[in-house]
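Below is one structure, written out as structure tokens; comments come after it.
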Amino acid sequence: MMELRITLLVIMGLIAIWFGWRVFRTNSMVRSAFSLLASMVAIGGMFLVMEAEFLGVLQIMMMGTEMSIMAIFMMMYMMDPGGLGQMDMKHQEKPSIVVAVATGGLALAVILLTKWGRIISEAPTPAQQNHDLGIEIMERSMMLFESAGFSILTAMVAALATVLIIHNNYKKEN
Amino acid sequence: MSAVLSWIIIGILFSAGVYFVALLERWSMSGRIEWSGPFHSFLQAFGQEEIRTRRYDTVFYEATPVIFIAVVLLSITILPFAEGTVILDLGTAALFINAALVYIMVSLIMAGWSANGVYGMIGGWRAMAQLIAYSMAVVMAITAAVMRAESMGMLEIVQSQAPLWNIIYQPVGFLLFYFAAMAMAFLPPFDLPVAEGELAGGAWAEFTGTRKILFRLGRLLLILTLSLAVSVFFLGGWLGPWLPGFLWTFIKTALVAASFFWVGRYFPRIRHDHLLEWGWKYAVPAALFNILQVGILLLL
């Protein structure tokens, strides 16, 4: 059973990496966004294999919406969103390679240098996990989640206010 | 009754349900009940020439109908038909159904984009605008139902309604979920992504033949699944006197499906900016009120 799970985990991980690579191998913004979505869904699948059911389902749900919204913004702001015009979509190639290698190395170092402890053979049941997560959010991490929620709300209000200024000025002029 | 027999009966009832929804779909457009109508349109689409557009996106074009029908089938697996009769009893079922049905929108965007046509693409992006309008209402209405059951499992959600169905316990949540479910299945008056007569079929405009059959069949299954979800979350699922549980489930599901089409027949198509406005200005505060009301009732 454990071998099967680890095999599935590796397969899901490889799928995630492959789609992550595909993101940069296409000129079409929509293909790129949906490749990223497939990669994220594979990561959700990894959570499910690791019996973190809530996290897995949440990941799959959130990414579906988020990547689609990202796709429409990429379409709006790119000059050749379909990739049919054979335009070069890359810019600042060398600095981005340097940054990517550095952050990749940092992530690897964190993975290798952390003491992960032993592998847990028995995970709590999904219902118990949901309960524990709820207690965690309502007790120890409450301040963190509340401040994150409040900053997002502030950003939303600020964004709307910015748009409304433009909107109202446009109305006055016409 | 043995488990195998009840599963066979459920399978037959489910297929009959799909046929029933197909009949209703035709009724909502023509106003007549045509018993052989669904078979006619199936044969017509089956014999149709497969037409593809110029420079279409092969992977998206071929994958979309399959994704569409697959996510609907996935969401059926977690909905209970009777006590203990559920294919997959997930601990996070209430969240899972929403997660699966988000990919209806993803599939519509992919369909609209892949065909390389204007109407299709507008239809696809409209599907996303529609999701932004209804998703908050769906999630918050489900949250209130989950709060009462103190569990995300579907069996517990139904059992929590034994004293009083959620439609009476939280009527605001029911109304939100009901209309959001219609928007999720892009039924009229929320049929913006496929708007017949305005976008000539929208996201599906360029699909013909067997691919169109997969979409149409997936849509019928989707309507039935969402009716089942409405009856599980708010109408007490299998709960009811005298008859066996699964019969109650199907009676409620059929009534909800019929009411979807009845409502759709008598309302004009909503404008997408109005939909977004109502979704955020009225549905979100109403959903928050619903959560507050359920919270107070639970603490009393």
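The values are calculated or read from the model by the stated rules, or taken from the named source; none is laboratory data. Predicted model only: the values in this text are computed from it and were never measured. For neighbour counting, all protein chains shown are included, and Cβ atoms are generated from backbone atoms with ideal geometry for every residue, glycine included.
Taking into account only those residues within region A:118-137 that are loosely packed, with under 12 Cβ neighbours inside 10 Å and β-branched (V, I, T), which is nearest to the other protein chains (Cβ to nearest Cβ)?
Among them, the one singled out is A:I135.
In region B:21-80, how many residues are outside any helix (DSSP H, G or I), of a type in the set (D, E, K, R) and over 22 Å from B:F260 (Cα atoms)?
First, the residues of region B:21-80 that are outside any helix (DSSP H, G or I): B:31-36, B:47-57, B:78-80.
Checking the rest, the ones that are also of a type in the set (D, E, K, R) come to B:32, B:34, B:49-50, B:52, B:54-55, B:57.
Now restrict to residues that are over 22 Å from B:F260 (Cα atoms): B:49-50, B:52, B:54-55, B:57.
Of the residues in that region, 6 qualify.
If a residue must be of a type in the set (A, V, I, L, M), facing another protein chain (nearest Cβ under 9 Å) and in contact with a Leu (Cβ under 9 Å, 6 or more places away or on another chain), how many such residues does region A:23-62 contain?
Here the count works out to 4.
Which of (1) within 14 Å of chain B (Cβ to nearest Cβ); (2) among the charged types (D, E, K, R); (3) exposed (fewer than 11 other Cβ atoms within 10 Å of the Cβ) does A:K115 not meet, given it meets every other one?
(1)
Mind checking which pairs have a first residue in region B:143-166 that is on the phi < 0 side of the Ramachandran plot and a second that is acidic (D, E), Cβ under 7 Å, 6 or more apart or different chains?
The qualifying pairs are B:A149/B:E156; B:G153/B:D89; B:L155/B:D89.
Against the definition (under 23 Å from the mean Cα position of the chain (by Cα) and farther than 26 Å from B:M152 by Cβ), how does A:V163 come out, yes or no?
no
Condition check ((1) within 11 Å of chain B (Cβ to nearest Cβ); (2) of a type outside the set (G, A, S); (3) within 19 Å of A:L36 (Cβ to Cβ); (4) within 21 Å of the chain's Cα centre (by Cα)) across all residues:
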position: A:G64; (1), (2), (3), (4): yes, no, yes, yes
position: A:Y77; (1), (2), (3), (4): no, yes, yes, yes
position: A:D80; (1), (2), (3), (4): no, yes, yes, no
position: A:L84; (1), (2), (3), (4): yes, yes, no, no
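Kindly check whether there is at least one residue in region B:244-262 that is touching a Lys or Arg at 6+ places or on another chain (Cβ under 8 Å), closer than 17 Å to B:V86 by Cβ, modelled with pLDDT of 90 or more and not hydrophobic (A, V, I, L, M, F, W, C).
Within region B:244-262, the first condition is being touching a Lys or Arg at 6+ places or on another chain (Cβ under 8 Å), and the residues that meet it are none.
No, region B:244-262 contains no residue that is touching a Lys or Arg at 6+ places or on another chain (Cβ under 8 Å), closer than 17 Å to B:V86 by Cβ, modelled with pLDDT of 90 or more and not hydrophobic (A, V, I, L, M, F, W, C).
Of all residues in region B:102-126, which are facing chain A (nearest Cβ under 9 Å) and within 16 Å of the chain's Cα centre (by Cα)?
Across region B:102-126, the qualifying residues are B:V102, B:Y103, B:M105, B:V106.
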